[in-house]
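S.K.: A single structure is presented below for examination.
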Amino acid sequence: MGYSEDKVKKVAFHTLGCKLNFSETSTISRNFKEKGFDIVGFNSEADIYVINTCSVTEHADKKCRQSIKKIQNKNPDAFIAVVGCYAQLKPEEIAQNLGVDLVLGSKEKFNILDHLNNLEKNKTPEIYSCEISEVEQFDSSHSEADRTRSFLKVQDGCDYSCSYCTIPLARGKSRNKEISELVKEAEDIAKTGIKEIILTGVNIGDFGKSTNESFFDLIKALEKVEGIERIRISSIEPNLLTDEIIEHVSKSKKILNHFHIPLQSGCNKILAKMQRRYNRELFISRVDTIKELMPDAFIGVDVIVGFPGETDEDFLEAYHFLKDLDASFFHVFSYSERPNTKSVNFDYKVPHNIITKRSKELHKLTSEKQLSFYKKHLKKEALVLFESSKKDGLMFGFTNNYIKVETDYDLNLIGEIIKVKLVDISESGNVKVKIL
C-alpha cells in the first residue's frame, strides 16, 4: 500500500459540512503537501480527489454523491477517495458510486497517504471502516488556508444521545488532547501570522472528559498565547455554557462577544422528544445572562423544523418563542430522517410541504432579526479583521460581534485588525464601513 514518491501528482480537496471538517481537511491537505503533492482547487484537473464528508442530513449525503459524479464526468481516470462521517456510516453505499477507489472512516481518514496504492484505479473500492467504538484517538487539526483566522479543533465525538442525530455513530465518544498540547498548536498558528482562532469540535463544552480538565480551563490557557488576538467560541450546548464562562467572556480582552448556541426547538414538548438536555427556560436564561453582561453580543441559534410529532400548535409556540428571543440570527435546518436514530421510529411524520412552509417562515424571521441587529450598530465604532477574498472590488471582514462588513479592496488591510465606523447597510446585506 502507500505510494511511491516518483508518482506524486496533483491533489484536490472538497469539504462538506461543518467547520470541524474544514479544519481536518486543511490538516490532511498539509500532510499531502509535505509529501510533495501539488494542492489544486477542486474544480481543477487533478490526479486524486479527496472528499471529506458530512452525514448530518440526507442532503449532505446527496452532495457527496453529486461531487463524485462531477469528478467522474470530468476526469474518469482520477483516483477518488471519500473520507469522514458519511464514509464511516455508509461505506458500502459510497463504494457503489462509479469511480470511487477508496473509502476511509473516522479511524483511518488521517492515514489516507498509507492507502493510495500508487494512485492506481481500483476495480473494487477499498473500504477501511470500523466499529465506532474502536475510534478512541484524537487527531489534532487546524486550518491555515484563510491566513486571517484558523479553525482549531479542540474536541471530537459526543456522548449525548439526541434522538435525531448520527454524530456519535460517525465520530465516537467525546475526547480531546490535553490543554498543554492545544496551547502549543495555537502557538504554532500564531507563528504563521494568523490573529484569530475559532474553537471547533462536536461538543466543545464537553471538553476535558478524557483529560480531567474543563472548557473553562482551556479558554483561560489559550488567552495567554502571544500573537493570537481574537478567540471565537463556536457552537456550545446551552447546558454547558455556564455563567462562569459567560462572565469570563464579558471581561476578556481576547474572547469575542459572539455565541453560537443550538436550541433546535422553542417548544419543550419537542425538546423532550429530541432528548435534548435542557428546556427553553434554561435557554432563555443563558441568552438573558449574555445580554445583561454583553448587550452588543451576537447570538446565533440552531433550529430544526418539522421534527416528528411537531404540530401546527407546537410550531407556533416555537415561532413566538424565537420571535421574542433576543437572538441575532437563526440557522434553520429541515428535519432529515437518519438511519439508526430513535426518531426514525417516531409517529406523526411532518409532510415535506409543511416543513418547507415552516422553514420559509423562520428564514424570513431570521432575516428580520439580523437586519435589526445590524441597524442597532450603525454609527458605532468597531474593530474588524479583514480577509483576503475579493468580490466586485470589495473586501470583507467581521467585527468582534460577528457583523459582516465590506469596504473598497485594499491589499494593506488583509489580516489586519482595523478600527472602523459602521456606516450603512449595503445591497448585499453587509455593513459598509469607514476606515478610521
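S.K.: Which members of the range 124-159 meet the condition of being in a strand (DSSP E or B) and hydroxyl-bearing (Ser, Thr, Tyr)?
M.R.: Of the residues in the range 124-159, the ones in a strand (DSSP E or B) are 126-128, 142, 149-153, 156.
Scanning the range 124-159 gives Tyr128, Ser150.
S.K.: Can you find a residue that is farther than 26 Å from Leu222 by Cα and not hydrophobic (A, V, I, L, M, F, W, C) anywhere in the range 240-261?
M.R.: Step one: of the range 240-261, the residues farther than 26 Å from Leu222 by Cα are none.
Looking through the range 240-261, none of the residues is farther than 26 Å from Leu222 by Cα and not hydrophobic (A, V, I, L, M, F, W, C).
S.K.: In the range 113-138, what residues are under 27 Å from the mean Cα position of the chain (by Cα) and of a type in the set (Ser, Thr, Tyr)?
M.R.: If the condition is that a residue be under 27 Å from the mean Cα position of the chain (by Cα) and of a type in the set (Ser, Thr, Tyr), then Tyr128, Ser129, Ser133 are the ones that fit.
Matching residues to (1) outside the structural domain of Arg30 (by TED's automatic domain parsing); (2) part of a helix (DSSP H, G or I); (3) farther than 19 Å from Ala46 by Cβ; (4) of a type in the set (Asp, Glu):
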position: Asp77; (1), (2), (3), (4): no, no, no, yes
position: Val103; (1), (2), (3), (4): no, no, no, no
position: Lys107; (1), (2), (3), (4): no, no, yes, no
position: Phe110; (1), (2), (3), (4): no, yes, yes, no
position: Asn122; (1), (2), (3), (4): no, no, no, no
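S.K.: Given the structure, is Glu58 outside the structural domain of Arg175 (by TED's automatic domain parsing), modelled with pLDDT under 90, surrounded by fewer than 23 Cβ atoms within 10 Å (Cβ to Cβ) and on the phi < 0 side of the Ramachandran plot?
M.R.: Spelling it out, Glu58 is indeed outside the structural domain of Arg175 (by TED's automatic domain parsing), modelled with pLDDT under 90, surrounded by fewer than 23 Cβ atoms within 10 Å (Cβ to Cβ) and on the phi < 0 side of the Ramachandran plot.
S.K.: Within 23 Å of Val249 (Cα to Cα), at pLDDT below 95 and not assigned by TED's automatic domain parsing to the domain that holds Phe307: which single residue out of Glu387, Glu416 fits that description? Walk me through it before giving the result.
M.R.: Numbers: Glu387 fails: within 23 Å of Val249 (Cα to Cα).
Going through Glu387, Glu416 in turn, the sole match is Glu416.
S.K.: For the structure I just gave you, tell me whether Glu310 is assigned to a loop (DSSP other than H, G, I, E, B), under 24 Å from Ala60 (Cα atoms) and at pLDDT 95 or above.
M.R.: On the way: assigned to a loop (DSSP other than H, G, I, E, B): yes; under 24 Å from Ala60 (Cα atoms): yes; at pLDDT 95 or above: yes.
Taking the combined requirement at face value, the residue satisfies it.
S.K.: Given Ser141, Ser133, which one is small (Gly, Ala, Ser) and closer than 30 Å to Arg230 by Cβ?
M.R.: Working: Ser133 fails: closer than 30 Å to Arg230 by Cβ.
When all the criteria are applied, what remains is Ser141.
S.K.: When the range 262-310 is examined, which residues are found to be of a type in the set (Phe, Trp, Tyr) and under 22 Å from His363 (Cα atoms)? Quick ask: steps written out before the conclusion?
M.R.: At the first step, the residues of the range 262-310 found to be of a type in the set (Phe, Trp, Tyr) are 278, 283, 298, 307.
Residues satisfying the conditions are Phe283, Phe298, Phe307.
S.K.: Just checking, does the range 142-154 include any residue being more than 30 Å from Glu416 (Cβ to Cβ), among the acidic types (Asp, Glu) and either surrounded by fewer than 20 Cβ atoms within 10 Å (Cβ to Cβ) or in the same structural domain as Thr53 (by TED's automatic domain parsing) (or both)?
M.R.: Initial filter on the range 142-154 (more than 30 Å from Glu416 (Cβ to Cβ)): none.
Checking the range 142-154: not a single residue is more than 30 Å from Glu416 (Cβ to Cβ), among the acidic types (Asp, Glu) and either surrounded by fewer than 20 Cβ atoms within 10 Å (Cβ to Cβ) or in the same structural domain as Thr53 (by TED's automatic domain parsing) (or both).
S.K.: Among what's in the range 183-229 and is among the aliphatic types (A, V, I, L, M) and closer than 12 Å to Arg149 by Cα, pick the residue that is surrounded by the fewest Cβ atoms within 10 Å (Cβ to Cβ). Give the derivation first.
M.R.: The first filter runs over the range 183-229 and keeps only residues among the aliphatic types (A, V, I, L, M), leaving 183, 186, 189-190, 194, 197-199, 202, 204, 218-219, 221-222, 225, 228.
Next, only the ones that are closer than 12 Å to Arg149 by Cα stay: 186, 189-190, 194, 197-199, 228.
Numbers: Ala186: 25, Ile189: 23, Ala190: 17, Ile194: 25, Ile197: 26, Ile198: 23, Leu199: 25, Ile228: 20.
So, considering only residues that are among the aliphatic types (A, V, I, L, M) and closer than 12 Å to Arg149 by Cα, the one surrounded by the fewest Cβ atoms within 10 Å (Cβ to Cβ) is Ala190.
S.K.: A follow-up question, please. Could you check, for the range 301-316, whether at least one of its residues is among the aromatic types (Phe, Trp, Tyr) and more than 15 Å from Gln370 (Cα to Cα)? It would help to see each step written out before you state the result.
M.R.: Of the range 301-316, the ones among the aromatic types (Phe, Trp, Tyr) are 307, 315.
Filter again for more than 15 Å from Gln370 (Cα to Cα), leaving 307, 315.
Yes: the range 301-316 contains one or more residues that are among the aromatic types (Phe, Trp, Tyr) and more than 15 Å from Gln370 (Cα to Cα).
S.K.: Can you name the number of the only condition in (1) outside any strand (DSSP E or B); (2) in contact (Cβ under 8 Å) with a residue 60 or more places away in the chain; (3) closer than 23 Å to Cys54 by Cα that Asp302 fails?
M.R.: (1)
The values are calculated or read from the model by the stated rules, or taken from the named source; none is laboratory data. Treat the numbers as computed from the prediction; the structure is a model and nothing was measured. Reconstructed Cβ throughout: ideal geometry from the backbone, glycine too, with neighbour counts over all protein chains shown.
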